[in-house]
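Down below is the structure, laid out as structure tokens.
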């Protein structure tokens, strides 16, 4: 299998588009930055009114343990990954 | 043995129970910060706030904040961070930071440090629900990536 299925959880303002989970496909050997681009593509495809590229630019990609760098290699050993896109935070 | 509690909850925060978890014989101070939902923001009347939380990473960040507080202010501290997720009405508690310590100076410093860091590092987002029926996700602090300069 030459592609990795990446399940992306969306948080915060991205939830206004209805879905809180997307599935995108990236090639094996891809880096985290590719996930960010695929998320933008998928949101534009599903929601013609999507206009949050600027928000995506200031969001980060993370797994359950840490924020990932755009240059990090995706660990696609299992063929499927779970990641999250995190916009700027305001908890507390 | 370090005393750190790091928790995301979906129901009401129980301060007394968390303080009991932290309690140690050499404590001279128990300090509690509770953040509550305020009835207005930027001049707009607020009816409720929804908190969206990426729970596994949030709990990890809370634990890191506790460890950093112990490293900065003393290993004898106990630190608890509890944040609630979901929709909260005005007056309900959204976050609690509890610190126990032999002396109060370290407790005050650690409490302030933890809540200020939580606001810019924890994967948590607020959506305000206004009295006029409108809702809005609040602007926040961009998280840093490991490779950021």
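The values are calculated or read from the model by the stated rules, or taken from the named source; none is laboratory data. Only a predicted model underlies this, so the values are computations on that prediction, with no experimental measurement involved. Reconstructed Cβ throughout: ideal geometry from the backbone, glycine too, with neighbour counts over all protein chains shown.
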Note on residue A:70: of the conditions (1) outside any strand (DSSP E or B); (2) modelled with pLDDT under 90; (3) over 17 Å from residue B:52 (Cβ atoms), unmet is (2)
Can you tell which of B:95, B:79 is outside any helix (DSSP H, G or I) and over 17 Å from residue A:89 (Cα atoms)?
B:79
Just name the residue that is farthest from the other protein chains (Cβ to nearest Cβ) out of those in region B:107-137 that are surrounded by fewer than 17 Cβ atoms within 10 Å (Cβ to Cβ) and part of a loop (DSSP other than H, G, I, E, B).
B:131
So, residue B:20, is that one more than 13 Å from chain A (Cβ to nearest Cβ), more than 18 Å from the chain's Cα centre (by Cα) and more than 14 Å from residue B:84 (Cα to Cα) or not?
no
Residue check, residue B:101 more than 24 Å from residue B:12 (Cα to Cα) and in contact with a strand residue (DSSP E or B) (Cβ under 6 Å, 6 or more places away or on another chain):
yes
Go through region A:45-67 and count every residue that is more than 7 Å from chain B (Cβ to nearest Cβ) and either assigned to a loop (DSSP other than H, G, I, E, B) or touching a helix residue (DSSP H, G or I) at 6+ places or on another chain (Cβ under 8 Å) (or both).
14
Which pairs have Cβ atoms under 7 Å, sit 6 or more apart or on different chains, and link a residue in region B:38-67 that is facing chain A (nearest Cβ under 10 Å) to one that is part of a helix (DSSP H, G or I)?
B:52/A:12; B:52/A:15; B:61/B:121
Only one of B:87, B:144, B:104 is within 10 Å of chain A (Cβ to nearest Cβ) and surrounded by fewer than 21 Cβ atoms within 10 Å (Cβ to Cβ); which?
B:144
Sole residue being buried (at least 16 other Cβ atoms within 10 Å of the Cβ) and either over 10 Å from the mean Cα position of the chain (by Cα) or away from chain B (no Cβ under 11 Å) (or both), chosen from A:23, A:35:
A:35
Hits in region A:73-87 (condition: under 17 Å from residue B:57 (Cβ atoms), outside any strand (DSSP E or B) and touching a helix residue (DSSP H, G or I) at 6+ places or on another chain (Cβ under 8 Å))
A:87
